[in-house]
Structure formats: C-alpha cells, structure tokens
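*Asks:* Just dropping this structure here.
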Amino acid sequence: MVADARKTKMCCPPQTSLLRGPKPTSMWNNPCVPVAALTAHSSLFLLACAAGTVLLLLVLIARLRLHPALALAVSAMALGVASGMPLHQVPLSFSTGVGNLMGHIAIVLGLGAILGRLLASSGGAAALGRALVEGCGPRGLPWALLGLGILVGLPVFFEVGLVLLMPIVAAAARRSGRPPILVGIPLLAGLSIVHGTLPPHPAAMLAATQYHADLGRTILWGLMVALPAGVLAGPVLGWLLTRLWNRKAARAEAFEEGPSLFEDAEAQAESSAVASAPEQVEPVPAPAGPLRAAAAILLPVALIFLGSWADALSAPRSAANRLLHFIGSPDVALLLAVLAALVTLGGRIQTGRHHGRELLRRLTAQSFEPIANVLIILAAAGGLSGILRDSGAAEATIALALGAHMPPLVLAWLLAAVVRISMGSATVAMAVASGVLAPMAGHVGVPPELLVLATGTGSLIFSQVNDPGFWMIQSFFNMEMKETFATWTVLETVLSVTGLCATLLLSAVLH
C-alpha cells in the first residue's frame, strides 16, 4: 500500500504552466484523478471556458450594448469562476493583470496623447499635410496622402488623424471633382495600418507588451508590412474604385453628396475665428511649419531605433551603450519628444488667449481626455489576460493550436480576425488574441515582433456595423451604408489580408 501510494504521488505531480508558476488549486490537479484523464478532461473544459468567454463578450457588447470595459471585466470574472479558480484568487489575478499591463503602457499612451495634441493645436500636422499634397501634383496625390496618413498616424489616434487631415481631402476632392471618399482612400489606408500594427498606438502597444516584443524592431518590421499593405489598399484600391466610378453613372449618382461633416466643420472654424478676432487678448501666432511637425513626429521613433540597435552601435556595457538604451526606452523617448515639442511647437498654439505656461499646462491636461476610454478598456483587457493565464485557459488554447499544427502567425491573425468580426473593435480583438496567445510567444520559434504584426493585421479585417469606425467613416463622408461597405470595409479587408501575406513573407526572409 505504501508503494502504491508513492506510485500515485509520482504519477500526479503538481501541474505547472508555461507561465512560471503553479496553477490555482481546482479540479484538474486533484491527485486522485489519473494524469491522462486529468489532462484530457481539464483541457477540454478550459477550452470550453475560453470559448464561452469570447461568446459572452460578443453577447454583452453586440447584443446588450454594454461598454467594452464592463464586458471585459464581467467576462474575466465569469471565466475565473467557471474555470474553477478559488474565489479569492479571481480578483487578485484580475488586478495583477491590470497592473502588469498598465505599468508598461499607461505613461506611453499619455505622452503620445500630449504629442498629438501639440501637433494638432500648433497647426503643424495640417501644414505638413498641405506641403506633401501641394508638392506632389495630381498623379502623386494618392501616394502623398498614403505617406501623410502613415506619417501623421504614427503619433496620433486614427480618429484624431482623420479629423486633422480631412480638410486636405476635402480641398483635393473639390479640385479633382471626385467624391471625397475616393480621394481619401489612401489617407485612410495609411492611418489605419499604422493604428493597428505600430506602437505606441494602444492596441499595438498592448500586443507588444503581451508578447514581450522589442519596440524598435516592431516599428521597423511594421513599416515593412505597412507599406505594401497600404499601397494595395490605398492608391491601388483607390484607382480601381475611381475607374469603376468613372464608368458607371449610377455609381457616380450614388456617391453624389452634399457638404460633408468635415467641410462644415472647416467653414464653421473659419467663421468662428473671424467672429472672435476682435475679442482675442493676443495675436494668433504663425502656425508651425512642416519641418517642425516632421521633427516632432520622427524624434521618438529615431530614439527608439537607437535604443534597439544600441549593442550594434556601441560596445556592450559601455557608457554610450547604457545611454542609448536609456534614451531608447519608450517612456524616455516619448518624454524627451514631448519636452522638445513643448519648446518647438508650444509657441505656435493657434489661439489668441492665455499664451505661455498656463496654456501649455491646460493643453497637456486636455490631451488625456480622449485616451481615458481607451485606457479603461485596456486595463480591463489586462485583467482578462491575467485570468486567462492563471486559470490555464490560455495554455489549453495554445496546446490545442500547437496540436493542430497551425502556423503561429496564421493562428494569431485568425484569432484576432474572428474577435474583430464578432465584436467590431480592433482594440478588443488585439487584447483578446494577444492575451490568449502571449504564453506561446517564446516557445514557437517565431519572433514576437511578427506575432504583434500578425495580430494587428488580423484585428483590422472587415469593419462592419458593429464597429464604431464604420459609422464614423459613413458620417464623415456622408455615404449610404452600401457605399461604406464598398469602400471602407473593402479597404480594411485588403489591409488585413495583404498585411498577413507581407508578415508571412517577412518571416520567411528572416528565417
């Protein structure tokens, strides 16, 4: 009997996960259950829990119209309870996941928001856009708009970049006589691809943090993926849709529209400026030029690159090496860029009131307001990731995926695409996919930077009626729903599929 007891003890060792720690006590590590039966039973049960979590998220967001942050929190708690975690461990795992994620990305997102607000308020972003568009001519206009979308999209959110640059699209559409959506497709492609794949944008930063990816390589390789995807979904798709519009008079009538929202906003801004001119305390300064704007955008990118390649540029552990690693960390790089922007762009703020330190302090405080919603969503997503890891559901999902021999990049893209189509949010899609797949990042022989890109491109696919961006594009361009599907939804799908193909090609070249 003693021998049998010892045998049973040896056959049922405490289970450990890929996540550097024991699993919480629950039914799957009961020593009375045979190991083989335990593994099969627990894996299937945890897979069902993970699938049920995604389904619950879909119902809460799409059906019950619950805010994504609340839906993520409810789903995370439900997963912890259903998977058999001790009840006292569920909130601890959730708060640990929130803290781990916010500790990496909160300050980065806040600094990026300040930089974007300074670019917008100083007129630098608009000046950069006008310089690119006016210098390229009609034939080069689509390529200029694509480059403008990528460049301006690096430091600002998609929505902010769109609002900043829509007057340029409106002016170009009036000159060409084409509908604004056909003119703006390259711009939308550039803004969308960098928003979905490149840090420091929230979803991409989340995935890079979850996968422990190097930010410098993620940005560099992301640009290699973004350029071909943007070209195909931007100038090429725009050219095809323009030819279709030119050939079919009915299609031209379908796109016929009155003034769009951004044209109205532009006119209102001009009239407001004229009306309020006599009341201004100080004269409005000249807006920032394109060179200042480009320098503000590219400075943090350059510093992050220096940090990533510090070992190639200097001797390891030397003073120069330590300095490059320091200034190349995302927090420090963005902090230095914001401080530089306060000096170079702060005196160009386009208002006649309260210039000086008080104005810059108010602008800094106001820049945090647009990202509050995103931060709460990402915090809840971090909590879900913590429970996915501690419950074993993420590990069970990974084991199934590895057993199916699906290429990890395709798996990351497919999971993000399924969540995106189901829930409509690219941010939620990247949060869920990266949370589930993060434990496998170091075990599949694929650079984690490519996993970020595969997840990001998957999160862009097929924007539809459950995506707030779908309705924003429809409203801004004053289109019917079918035209929004025929342009914006097609654009996002082309971006996603082309981005996956480019990521797979880059992976083959790197290997």
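The values are calculated or read from the model by the stated rules, or taken from the named source; none is laboratory data. Please read all numbers here as calculations on a predicted model, not as lab measurements. Because the Cβ atoms are built from the backbone with ideal geometry, glycine has one as well, and the counts that use them run over all protein chains shown.
*Asks:* From the list Gly424, Gly458, pick out the single residue that is at pLDDT 80 or above and either surrounded by fewer than 22 Cβ atoms within 10 Å (Cβ to Cβ) or touching a Phe, Trp or Tyr at 6+ places or on another chain (Cβ under 8 Å) (or both).
*Replies:* After applying the criteria, what remains is Gly458.
*Asks:* Condition first: in contact with a Pro (Cβ under 7 Å, 6 or more places away or on another chain), under 30 Å from Arg174 (Cβ atoms) and modelled with pLDDT under 85. Can you find one or more residues in region 52-71 that meet it?
*Replies:* no
*Asks:* Quick check on region 456-473. Is at least one of its residues assigned to a helix (DSSP H, G or I) and over 30 Å from Ala170 (Cβ atoms)?
*Replies:* Here is the first cut: in region 456-473, the ones assigned to a helix (DSSP H, G or I) are 456-458, 468-473.
From what's left, over 30 Å from Ala170 (Cβ atoms): 458.
There is at least one residue in region 456-473 that is assigned to a helix (DSSP H, G or I) and over 30 Å from Ala170 (Cβ atoms).
*Asks:* Does at least one position in region 495-502 carry a residue that is surrounded by fewer than 21 Cβ atoms within 10 Å (Cβ to Cβ), under 25 Å from Val225 (Cα atoms), within 21 Å of the chain's Cα centre (by Cα) and modelled with pLDDT under 95?
*Replies:* no
*Asks:* Just to be sure I understand, how many residues within region 189-201 are assigned to a helix (DSSP H, G or I) and either surrounded by fewer than 24 Cβ atoms within 10 Å (Cβ to Cβ) or of a type in the set (A, V, I, L, M) (or both)?
*Replies:* 4
*Asks:* Sticking with this one: State all residues of region 373-408 that are at pLDDT 85 or above, surrounded by fewer than 23 Cβ atoms within 10 Å (Cβ to Cβ), over 17 Å from the mean Cα position of the chain (by Cα) and in a helix (DSSP H, G or I); if no residue qualifies, say none.
*Replies:* Of everything in region 373-408, just one residue is at pLDDT 85 or above, surrounded by fewer than 23 Cβ atoms within 10 Å (Cβ to Cβ), over 17 Å from the mean Cα position of the chain (by Cα) and in a helix (DSSP H, G or I), namely Pro408.
*Asks:* Any residue at all in region 138-161 that is among the aliphatic types (A, V, I, L, M), crowded, with 20+ Cβ neighbours inside 10 Å, outside the structural domain of Leu198 (by TED's automatic domain parsing) and in contact with a Cys (Cβ under 7 Å, 6 or more places away or on another chain)?
*Replies:* Looking through region 138-161, none of the residues is among the aliphatic types (A, V, I, L, M), crowded, with 20+ Cβ neighbours inside 10 Å, outside the structural domain of Leu198 (by TED's automatic domain parsing) and in contact with a Cys (Cβ under 7 Å, 6 or more places away or on another chain).
*Asks:* Only one of (1) surrounded by fewer than 16 Cβ atoms within 10 Å (Cβ to Cβ); (2) at pLDDT 80 or above is not met by Pro370, so which one is it?
*Replies:* The failed condition is (2).
*Asks:* Take region 172-181 and flag every residue that is among the hydrophobic types (A, V, I, L, M, F, W, C) and crowded, with 24+ Cβ neighbours inside 10 Å.
*Replies:* Hit for region 172-181 is Ile181, nothing else.
*Asks:* Here's something else I'd like to know. Kindly evaluate Ala144 against the criterion of being within 21 Å of Arg292 (Cα to Cα) and at pLDDT 80 or above.
*Replies:* Against the criterion (within 21 Å of Arg292 (Cα to Cα) and at pLDDT 80 or above), Ala144 qualifies.
*Asks:* So, Ala233, is that one among the small types (Gly, Ala, Ser), assigned by TED's automatic domain parsing to the domain that holds Gly177 and not in a helix (DSSP H, G or I) or not?
*Replies:* Values: among the small types (Gly, Ala, Ser): yes; assigned by TED's automatic domain parsing to the domain that holds Gly177: yes; not in a helix (DSSP H, G or I): no.
Here the answer is no, as Ala233 does not meet what is asked.
*Asks:* Give the residue that is surrounded by the most Cβ atoms within 10 Å (Cβ to Cβ), with candidates limited to residues of region 302-345 that are aromatic (Phe, Trp, Tyr) and assigned to a helix (DSSP H, G or I).
*Replies:* Across region 302-345, the extreme among qualifying residues is Phe305.
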